[in-house]
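The structure appears below as structure tokens.
Read the figures in this text as sums done on the coordinates, not as results from a lab. What you see is a predicted model, and the numbers here were worked out from it, not measured in a lab. Because the Cβ atoms are built from the backbone with ideal geometry, glycine has one as well, and the counts that use them run over all protein chains shown.
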Amino acid sequence: MGYLVTLYNDYKDRADFLTVYIREAHPLDEWQMKSNVDQGVCYAQPHSTEQRVAIANDFIQRFHFPVPFAVDDMHDIADHAYSAWPERIYIIDEQGKIAYRGGIGPFNYHPPEARAWLQKRFAGTTSTATNATAAGSGNSNATR
Amino acid sequence: MKWWKWTGIILAVVLVGGYGALSYMMGGPKDVYGFLRYALPQWRDGNLKVGDTAPNVKLLALDGQTTFHLSDRVGRRPLVLVFGSYT
């Protein structure tokens, strides 16, 4: 997750980002993970939109998560359309085509691949990540 | 003993041993059950390919009320789309 935030900060002035919160991977009423218990992250699988939105907001508040955020609906439309569960990254180009299709987590989830795609796409552009950060976020409109 | 008894015993040993080995690898017997019961059925690679039109799904904003379509965010710049959950 920290990797994603860094990636977002490095490229938010050149690419749009959207996080989509989908079905919980390890809720306490399904396959709960010890690591989540240790960190006090214990949620039942949400059964209503309100519950799902509440967990998404908890997540954002706990980590001050800066990346734009959306929530999948209770029919898991986005999850099913993108075979996303439990975690996955795609990049969609300006024509609305899939330009990068990451593997399914946890084993094939590799955010550095997304960085590599962005690096290649923006190779040769004058605005480096360091310059963009140094220039401040005043002209950044990644969050729309 | 009859051959089928031996077959039964060997099968039971293989199953119990296999489950034990998986438990050891995954952290505990509960994790093997969780993996088989919850992860396997939900794990799908899907049919999308690079170059396909990105499915234009409807999404919910963080207020829990406003909806928008993915296409609203597509077209201006590349869109990095990250799916995940809290746990």
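Yes or no: B:Thr53 more than 14 Å from chain A (Cβ to nearest Cβ) and more than 24 Å from A:Lys34 (Cα to Cα)? Taking the combined requirement at face value, the residue does not satisfy it. In region A:89-99, the residue that is nearest to B:Gln42 (Cα to Cα) out of those that are within 7 Å of chain B (Cβ to nearest Cβ) and of a type outside the set (Asp, Glu) is A:Ile89. Among the numbered conditions (1) at the interface with chain A (Cβ under 7 Å from one of its Cβ atoms); (2) of a type in the set (A, V, I, L, M, F, W, C); (3) part of a helix (DSSP H, G or I), the only one that B:Val80 does not meet is (3).
Pairing each residue of region A:59-76 that is farther than 17 Å from B:Leu81 by Cα with any residue that is assigned to a loop (DSSP other than H, G, I, E, B) and of a type in the set (Ser, Thr, Tyr), provided the two are 6+ apart or on different chains, yields C-beta distances under 8 Å for A:Phe59/B:Tyr86; A:Met74/A:Ser48.
For region B:57-77, the set of residues classified as in a loop (DSSP other than H, G, I, E, B) and under 25 Å from A:Glu50 (Cβ atoms) consists of B:Val57, B:Ala61, B:Leu62, B:Asp63, B:Gly64, B:Gln65, B:Thr66, listed by residue number. Select from region B:1-53 the residues that are touching a helix residue (DSSP H, G or I) at 6+ places or on another chain (Cβ under 6 Å) and of a type in the set (A, V, I, L, M) and write down the one among them that is surrounded by the most Cβ atoms within 10 Å (Cβ to Cβ). Among them, the one singled out is B:Val32. Taken over region A:1-33, the criterion of being more than 7 Å from chain B (Cβ to nearest Cβ) and not in a loop (DSSP other than H, G, I, E, B) is satisfied by A:Gly2, A:Tyr3, A:Val5, A:Thr6, A:Leu7, A:Tyr8, A:Asn9, A:Asp10, A:Tyr11. Checking each residue in region B:38-47 for being within 7 Å of chain A (Cβ to nearest Cβ) and either in contact with a Ser or Thr (Cβ under 7 Å, 6 or more places away or on another chain) or part of a helix (DSSP H, G or I) (or both) picks out B:Tyr38, B:Ala39, B:Gln42, B:Arg44, B:Asp45, B:Gly46. Screening A:Pro86, A:Pro68 for residues that are crowded, with 17+ Cβ neighbours inside 10 Å, more than 7 Å from chain B (Cβ to nearest Cβ) and on the phi < 0 side of the Ramachandran plot leaves exactly one candidate, A:Pro68. Would you point out the residue of region A:34-53, among those that are hydrophobic (A, V, I, L, M, F, W, C) and in a helix (DSSP H, G or I), that is surrounded by the fewest Cβ atoms within 10 Å (Cβ to Cβ)? Top of the filtered list is A:Val37.
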